[in-house]
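Visitor: Quick one: the structure is below, questions incoming.
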Amino acid sequence: MILVTGATGTVGRELVRRLPGDLAVRVMARDPSRLEAVAPGTDVVAGDYTDPASLDRALRGVRRAFLLTSRVGGDDDACFLRAARAAGVRHVVKVSAAAVADERADDLITRWQRTTERLLMDSGMRWTVLRPRSFMSNALSWATSIASEGVVRALHGTSVNACVDPRDVAAAAVCALTEDGHEGRIHTLTGPRPISAVEQAAELGRVLGRPVRLEELSPDRARARLLERHPVEVVDALLASAERQRAGAKAGVEDTVLRLTGRPARSFRTWAEDHCEAFRRTP
């Protein structure tokens, strides 16, 4: 049995779609009603990292698990791994982030990710860590301004990031969950080339058939916008990450997607073409 957590999220949703139909799969979600259609025979359970009884039920009979947590600074990983070990889980595949390998990255989010990686590696279970760069799907945060104004607003618009299509992260997770040889390995996942927000805006404009321009945010304006959605400690971490990106820390490209899946990593243009309708709709 394979357990998938985070199945309502960007990567987990794609992973559920891609797991072979002949495998026994269980999907855990806090609110199962938010799940998209799952394959016949998929076991769906309600579970919460803060509810030990629900974790025990979700992990019963599971041998491999996909772990994705998002509560920065929380103990969700610790709760899950404790329950997984007690349930006899043999192998956990965890999504972390590429910044963990950067010695210059010392923000709250990266420190938390390092801590949770270490919890897994020291758990006594077999492990695989996926370290993606930023997701191409982060561009969906521009959907409203593009649809209504033809504008992308971003900090450090010419800095580049080798962002990755979440579908490629999910494909790598399928490999790690269904093949031998991934235990004890770290897979860094990137797109095929680094790309800036200016270039992303231009690509989206070409796909949509109309101009899309970038409006550069000042650091103060970027901070104010982030504070509308995140606690101050997370905002500080995101701004520190943006400064590292401006310094070139996120420009490196890996061929991991090709090596794992046999197919090159998808380009931002491909991602944009496949999601163009999201940028045509206004609320």
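Visitor: Quick one: net charge around Ala87, please, counting Lys, Arg +1 and Asp, Glu -1 for every other residue with C-beta under 9 Å from its C-beta.
Guide: +1
Visitor: Sticking with this structure for a sec: What whole number of Å gives the distance from the Cα centroid of the range 148-198 to the Cα centroid of the range 232-264?
Guide: Centre-to-centre distance over Cα atoms comes out at 8 Å.
Visitor: Using R₀ = 30 Å, calculate the FRET efficiency as 1/(1 + (r/R₀)^6) where r is the Cβ-Cβ separation of Ala46 and Thr178; round to 0.05.
Guide: On the way: r = 25 Å, r/R0 = 0.84.
E between Ala46 and Thr178, to the nearest 0.05, is 0.75.
Visitor: Separate question: Subtract the Cα-Cα distance of Thr158 and Arg223 from 0.36 nm times their separation in residues, and report this length gain in nm to one decimal.
Guide: 21.6 nm
Visitor: Could you work out the pair-distance distribution P(r) of the range 192-283 from its alpha-carbon pairs, with 5 angstrom bin width and percents rounded to whole numbers?
Guide: For the range 192-283, the pair-distance distribution reads 3, 11, 14, 16, 18, 21, 12, 4, 1.
Visitor: Another question, then. To the nearest 20 debye, what is the magnitude of the charge dipole of the range 66-147 about its Cα centre, counting +1 on the Cβ of each Lys and Arg and -1 on the Cβ of each Asp and Glu? Intermediate values should be presented prior to the final figure.
Guide: On the way: 12 positive and 9 negative charges, 63 e Å.
It comes to approximately 300 debye.
Visitor: For the chain, modelled as a GNM with alpha-carbon contacts under 10 angstrom, which of Val93, Val25, Val169 fluctuates the most?
Guide: Val25
Visitor: Taking the alpha carbon gyration tensor of the range 18-135, what are the square roots of 5 times its eigenvalues, largest first, to the nearest whole Å?
Guide: Rounded to whole Å, the semi-axes are 25, 16, 14.
Visitor: Let me know the longest stretch in the chain that avoids all GluC sites (Glu not before Pro) found in a DSSP loop with at most 12 other C-beta atoms within 10 Å. Before the final figure, lay out the partial values.
Guide: On the way: sites that count: Glu36, Glu103, Glu179, Glu228.
Within the chain, the longest run free of exposed GluC sites (Glu not before Pro) spans 104-178.
Visitor: Could you give the alpha-carbon Rg of the range 115-191 over 2.2 N^0.38 Å, rounded to two decimals?
Guide: 1.47
Visitor: Here is a further query. Using the number of other C-beta atoms within 10 angstrom as an exposure proxy, rank Cys163, Cys79, Cys175, Cys276 with the fewest first. Could you put the intermediate results ahead of the total?
Guide: Values: Cys163 23, Cys79 17, Cys175 20, Cys276 13.
Taking fewest neighbouring Cβ atoms as first place, the list is Cys276, Cys79, Cys175, Cys163.
Visitor: What value, in deg cm²/dmol to 500, does the helix sum -39500 (n - 2.57) over DSSP H runs of n ≥ 4 give at 222 nm once divided by the residues of the chain? Please list the in-between numbers first.
Guide: Details: 11 runs with 112 residues, N = 283.
So the calculated ellipticity at 222 nm is -11500 deg cm²/dmol.
Visitor: Hand me the trypsin sites (Lys or Arg not before Pro) from the range 210-240 located in a DSSP loop with no more than 10 other Cβ atoms within 10 Å, in residue order please. Please report the intermediate quantities before stating the final value.
Guide: Numbers: sites: Arg213, Arg221, Arg223, Arg225, Arg229; in loops: Arg229.
In loop regions of the range 210-240 (DSSP not H, G, I, E or B), the sparsely surrounded trypsin sites (Lys or Arg not before Pro) are Arg229.
Visitor: Taking a quarter of the surface of the Cα convex hull of the range 1-62, what do you get in nm²?
Guide: Projected area, direction-averaged: 3.8 nm².
Read the figures in this text as sums done on the coordinates, not as results from a lab. These numbers were taken from a predicted model, which means no experiment stands behind them. Here Cβ is always computed from backbone atoms with ideal geometry, including for glycine, and neighbour counts include all displayed protein chains.
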